[in-house]
Amino acid sequence: MGIKRICCIGAGYVGAPTMAVIALKCPHIDITVVDIDIEKIKKWNGPIEHLPVYEPGLSEIILKTRDKNLFFSNEIENSIDNAEMIFIAVNTPTKLSGEGAGMAADLSYVESSAKTIAKSSKSDKIVVEKSTLPVRTAEKIKEILNKNNNSVNFEVLSNPEFLAEGTAIEDLFKSDRVLIGGDKTKSGLSAVQSLVNIYKNWIPIDKILTVNVWSAELSKLASNAMLAQRISSINSLSALCKKTDADIEEVSKAIGMDKRIGTEFLKVSPGFGGSCFKKDILNLVYLCQHYDLNEIADYWKGVLTINDFQRSRIFNIVNTFIKKYNLKKEISILGWAFKKNTDDSRESSSIYVASHFLKEGYIINIYDPKVKNDQIKKDLVMLKHTSKDLNQQINFFNSLELITNTKSPLLIMTEWDEFKSLNTNKHKLRIFDFRNILNNSKLTYRF
Ligand code: NAD
Ligand code: UGA
């Protein structure tokens with residue numbers, strides 16, 4: 001079947017960029033992205049400089065496709081019924097209460113999307129899981145769809161997304177692979193083929209991998225776990241390097257030059273952040289425990305333990321330095337986003353490191369080129385770690401120049417390109433380069 005109308009539920013960091021790229025590459029398909037968040041949809045339809053997601057290259061695509069074959073709307077039910085294929089790209093955070101709290105994925109947004117699809121559909125639909133989900137969720141989705149609507153046929157596919165924030169458009173244009181899981185029944189195979197036909201407009205066919213639904217669901221969690229595991233591995237070695245005078249940059253280079261290992265994801269850091277690695281590993285751990293694989297669960301939990309360790313380690317390094325030189329309890333954090341080229345601060349290491357300092361009564365100065373001050377405050381309030389009134393302990397700065405004038409130690413937490421312009425001679429040993437982005441290693445503290 002040649003799909004002509006798509007609806008995507010969820011206009012966030014995945015739903016909107018993914019649909020924008022499909023709209024660009026498939027001008028023959030009309031796409032409506034819907035969301036329950038009315039303000040977010042208003043922003044997607046509003047001025048191009050205030051889109052709700054910052055992603056290099058995205059606004060240019062929105063300008064080319066918006067109101068031509070890409071639409072943003074709050075009319076969820078109508079948009080679903082109008083479409084032949086519906087993507088579910090809603091959030092799947094860690095559950096906060098009930099069974100599996102603190103570990104399992106909260107599937108309530110996915111389940112409520114499935115109910116809305118069932119309620120709104122008057123013709124057959126292909127439902128595509130775009131969100132990251134625990135293996136065997138498609139079973140649950142099918143059950144909800146069929147229980148709430150037995151007059152049309154629903155085919156459920158798993159098509160997990162592998163884009164990384166900050167490079168989402170590049171990743172979507174040139175995906176390493178597109179993974180599509182479907183049933184091996186006649187209608188399942190036909191649904192898979194219609195999704196393959198969409199991607200093959202720009203992705204070489206040998207990079208489109210069709211598998212069974214469960215493999216697709218599990219491969220997504222496993223990919224994130226393997227990526228995070230590499231970061232924890234290199235971060236764990238950075239601590240050993242510091243004790244032994246080995247240089248982690250040299251060690252990382254030497255390891256990565258083995259082509260069986262490869263160079264990517266071996267950059268030492270203040271720990272990985274972002275909305276997915278932690279929640280997806282917790283989800284994997286929970287699944288392993290559910291299947292009585294406790295040793296496997298403990299193995300993956302270790303990746304998160306090292307990540308927490310790295311964040312505390314950073315605090316200890318700076319706190320010890322400040323005590324040693326009898327300095328004022330004040331520090332400057334350069335970078336709040338969890339990586340460069342995004343305005344997303346979810347699970348950023350800056351939040352955790354800052355909260356250690358706040359607990360110790362430090363004044364902290366903060367500058368990030370993209371994350372808004374209100375968001376930074378929300379991030380800190382969420383951790384509830386502060387001793388005094390938060391407003392008395394934090395100062396916001398709106399330029400690199402202004403924050404460096406404070407004379408307090410500078411902690412580079414995000415690898416924003418503009419931080420490379422820091423004058424290492426001028427600031428001497430005040431710079432803690434936790435992303436190893438500066439060249440002058442003699443004048444900065446490096447891992
Ligand atoms: P997000 O929070 O940015 O966006 C999700 C959107 O879904 C929100 O705008 C929310 O209002 C909306 N929503 C929730 N329930 C809804 C409902 N019932 N009806 C309509 N809209 C609803 O999340 P995200 O970062 O885009 O992630 C979405 C999924 O994709 C998650 O499962 C995540 O693990 C996965 N993923 C994320 C990334 C990433 O880099 N952010 C990459 C790959 C996969
Ligand atoms: C990650 C994966 O890379 C994507 O493939 C996946 O689709 C996505 O999660 C998801 O499922 O959400 P993302 O979290 O957006 O993407 O960004 P990454 O580039 O993976 O970075 C995550 C964190 O790891 C960042 O804090 C980054 O600074 C850190 N990192 C990355 C390191 O500390 N060292 C490295 O070598 C690489």
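The values are calculated or read from the model by the stated rules, or taken from the named source; none is laboratory data. This is a predicted model, so every value here is computed, not measured. Cβ: placed from backbone, ideal geometry, glycine included. Neighbour counts: every protein chain shown. Just the protein is used for accessible areas: all its heavy atoms, side chains included, with ligands, DNA and RNA removed. Shrake-Rupley method; radii C 1.70, N 1.55, O 1.52, S 1.80 Å.
On a full-extension model of 0.36 nm per residue, what is the gain between Glu39 and Asp245, subtracting their alpha-carbon distance, rounded to one decimal in nm?
Stretched out fully, the Glu39 to Asp245 stretch lengthens by 68.9 nm.
Tabulate in residue order the Karplus-calculated ³J(HN,Hα) for segment 77-84, using 6.51 cos²θ - 1.76 cosθ + 1.60 with θ = phi - 60°, rounded to whole Hz; enter x for Gly and Pro.
Taking θ as phi minus 60°, the curve returns 5, 4, 5, 5, 5, 5, 8, 9 Hz for segment 77-84.
Can you classify the chain as rounded, prolate or oblate using the Cα gyration tensor, where a ≥ b ≥ c are the square roots of its eigenvalues, rounded means a/c under 1.5, and otherwise it's prolate if a/b beats b/c and oblate if not?
Verdict is prolate for the chain.
Where in the chain are the DSSP H helices whose alpha-carbon span along the long axis reaches 30 Å or more and whose Kyte-Doolittle mean is at least 0.5?
Working: long enough: 213-244 (47 Å, 0.26); 294-324 (43 Å, -0.28).
TM-like helix candidates: nothing returned.
As I understand it, the dipole of the chain uses +1 on the Cβ of Lys and Arg and -1 on the Cβ of Asp and Glu, about the Cα centre. Which of Ile62, Ser275, Gly12 lies farthest toward its positive end?
About the Cα centre, the residue reaching furthest to the positive side is Ser275.
Counting heavy atoms of the protein chains only and a 1.4 Å probe, report the per residue accessible area for the chain as a whole number of Å².
Counting only protein heavy atoms, the per-residue value for the chain is 47 Å².
Using 0.36 nm per residue, how much length does the chain from Leu327 to His50 gain when fully extended, once their Cα-Cα distance is taken away?
My answer for the length gained is 95.7 nm.
Between Val152 and Lys372, 0.36 nm times their residue separation minus their Cα-Cα distance comes to what?
74.7 nm
For labels at Glu170 and Lys119 in the simple 7 Å Cα→Cβ model, what's the distance in nm?
Taking the two extended label points, one gets 4.2 nm.
Which residues' amide hydrogens lie under 5 Å from the amide hydrogen of Asn365, considering only partners 5 or more residues apart or on another chain, with H built in the peptide plane?
Ile331, Ser332, Ile333, Asn395
Which of the residue pairs Lys42/Lys340; Lys207/Lys253; Lys42/Lys125; Lys64/Lys174; Lys43/Lys64; Lys140/Lys220 have a Cα-Cα distance greater than 21 Å in the structure shown? Provide the component values of the computation, followed by the final result.
Values: Lys42/Lys340 26 Å; Lys207/Lys253 29 Å; Lys42/Lys125 27 Å; Lys64/Lys174 19 Å; Lys43/Lys64 17 Å; Lys140/Lys220 18 Å.
Among Lys42/Lys340; Lys207/Lys253; Lys42/Lys125; Lys64/Lys174; Lys43/Lys64; Lys140/Lys220, the Cα-Cα distance tops 21 Å for Lys42/Lys340; Lys207/Lys253; Lys42/Lys125.
Based solely on C-alpha atoms, express the radius of gyration and the Dmax of segment 252-437 in angstrom.
Looking at segment 252-437, its Cα Rg and Dmax stand at 17.7, 57 Å.
Can you give the FRET efficiency to the nearest 0.05 for Leu402 and Ala222, using r as the Cβ-Cβ distance and R₀ = 41 Å?
Details: r = 44 Å, r/R0 = 1.08.
With a Förster radius of 41 Å, E is 0.40.
Which three extents, in whole angstrom, do the alpha-carbon atoms of segment 31-138 cover along their principal axes, largest first?
44, 34, 22
Need the list of aspartates and glutamates near Lys329 for cross-linking: C-alpha distance under 13 angstrom, and skip anything on the same chain fewer than eight residues off.
Lys329 reaches Glu360.
For the pair Trp214 and Lys253, how long in nm is the line joining their label points, each one 7 Å along Cα→Cβ?
It works out to 4.6 nm between the two label points.
Which loop GluC sites (Glu not before Pro) in segment 279-373, with loop taken from DSSP, have no more than 13 other Cβ atoms within 10 angstrom of their Cβ?
Glu360
So if we plug the beta-carbon distance of Glu77 and Ile261 into 1/(1 + (r/R0)^6) with R0 = 60 Å, what FRET efficiency do we get, rounded to 0.05?
0.75
Counting only the backbone N, which residues of segment 11-29 are under 14 Å from the spot 7 Å out from the Cα of Lys4 toward its beta-carbon?
Backbone N within reach: 28-29.
Based on DSSP H runs of at least 4 residues, each adding -39500 (n - 2.57), what is the mean residue ellipticity at 222 nm of the chain after dividing by all its residues, to the nearest 500 deg cm²/dmol?
Helix-only estimate at 222 nm: -14000 deg cm²/dmol.
For segment 5-211, how big is the tail of P(r) above 26 Å, as a whole percent of Cα pairs?
When all Cα pairs of segment 5-211 are counted, 30 percent exceed 26 Å.
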